[in-house]
Amino acid sequence: MKQRMMVIGHTGGIGKALTAKSRQEGWWVMGASRGSALDADPIDSELSVDITLPQDRRRLIEAIVENEINVVVFAAGTPHFSPTASVSESDIDRVLNCNLLAPMAITSGLLADSSKLSSVKTLLYVGSAVGDIGLPGYSVYGASKAGLHRYVESLRRERVGGEIAFKLIVPRATETQFNSADAAAYGSATGASVDTPEFVAQAIFGVITGKQVAKSVGSLESIFSKINQLFGAWIDFAFKKHALALRDLPR
């Protein structure tokens, strides 16, 4: 019997690549996004939802149960890159609602009645390297992903030994339309490493099918994340070039 996956955010760069990879591996894939996949991006089933809306989150949960989904991937996200001084309250609401509050609400809704979830074996959340390493310009986006990281970690420990695996993957910069021109210029100016969506999708699929529960994409980023956890305030100087690159971007 085919494994059944739901990719929330299947029309984005990473979601699209993961959908293609999973179908190549023989999985049945249902996508859930505000938009629809193009004809050139085949998928087995689609659900049009806005995960920031409570009624749409309920529809999504119902679809997971009705379609006997085995793996749910939270790949939807809202980007944000700008100096913190220019961040509005609506920016904060928009980013946190999509990147943090929606995955939390969907997860709580799924776990509220475990009798309906006999098919679900894995919930995987797509984080970000800037959730582990605070970069200038990514204060709001990084905060949303840092919250997601700790949420998944807490879930994993709370439900240890249970039937559902809670997994996290932490990509670094990825070559998709997700990033603005300013963010791309900033990454280039600061020498950020960039992966293809296909490379990240391969890593995600490996985590889904393997025993690993958390994975950072990029060895240097993984090492720097650990250093940051231990000596955060002591290495602020290492980000001077990032602050200067952010300041020099055209306004």
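The values are calculated or read from the model by the stated rules, or taken from the named source; none is laboratory data. Keep in mind it's a predicted model, so treat the numbers as computed, not measured. For neighbour counting, all protein chains shown are included, and Cβ atoms are generated from backbone atoms with ideal geometry for every residue, glycine included. These accessible areas exclude ligands, DNA and RNA; they are computed on the full protein's heavy atoms, side chains included. Shrake-Rupley method; radii C 1.70, N 1.55, O 1.52, S 1.80 Å.
Brief remarks follow.
- Cα-Cα pairs of segment 1-87 separated by more than 20 Å (percent): 34
- Rolling a 1.4 Å probe over the protein chains gives residue 199 an accessible area of about 110 Å².
- Those GluC sites (Glu not before Pro) in segment 24-87 that DSSP places in a loop and that have at most 15 other beta carbons within 10 Å: 25, 68
- Annotation for segment 7-48 versus segment 81-146: alpha-carbon center distance of 20 Å.
- Links that overshoot a 18 Å alpha carbon limit, given the list 145/167; 2/211; 167/215; 167/211; 121/211; 2/116: 2/211; 2/116
- Selection among 36, 8, 48 by position relative to the dipole of segment 4-49 gives 8 as farthest towards the positive end (Cβ unit charges, Cα centre).
- Taking 0.36 nm per residue of separation and subtracting the current Cα-Cα distance, fully stretching the chain between residue 46 and residue 199 would add 52.7 nm.
- Among the protein heavy atoms, those of residue 56 account for about 20 Å² of accessible surface (1.4 Å probe, every chain in place).
- Assigned charges on the beta-carbon of Lys, Arg, Asp, Glu; segment 39-121 dipole about Cα centre (debye): 360
- Kirkwood hydrodynamic radius (C-alpha pairs) into Stokes-Einstein, segment 42-92, 4 °C and 1.567 mPa s, D in µm²/s: 94
- Shape of segment 12-53, Cα gyration tensor, a/c cut at 1.5: prolate
- Heavy atoms of residue 23: accessible area, 1.4 Å probe, square angstrom to 10: 80
- Förster radius 41 Å - calculated FRET efficiency between residue 91 and residue 118 (Cβ-Cβ, nearest 0.05): 0.55
- In terms of the mean number of neighbouring beta-carbon atoms within 10 Å, the peptides 154-162, 80-88 order highest first as 80-88, 154-162.
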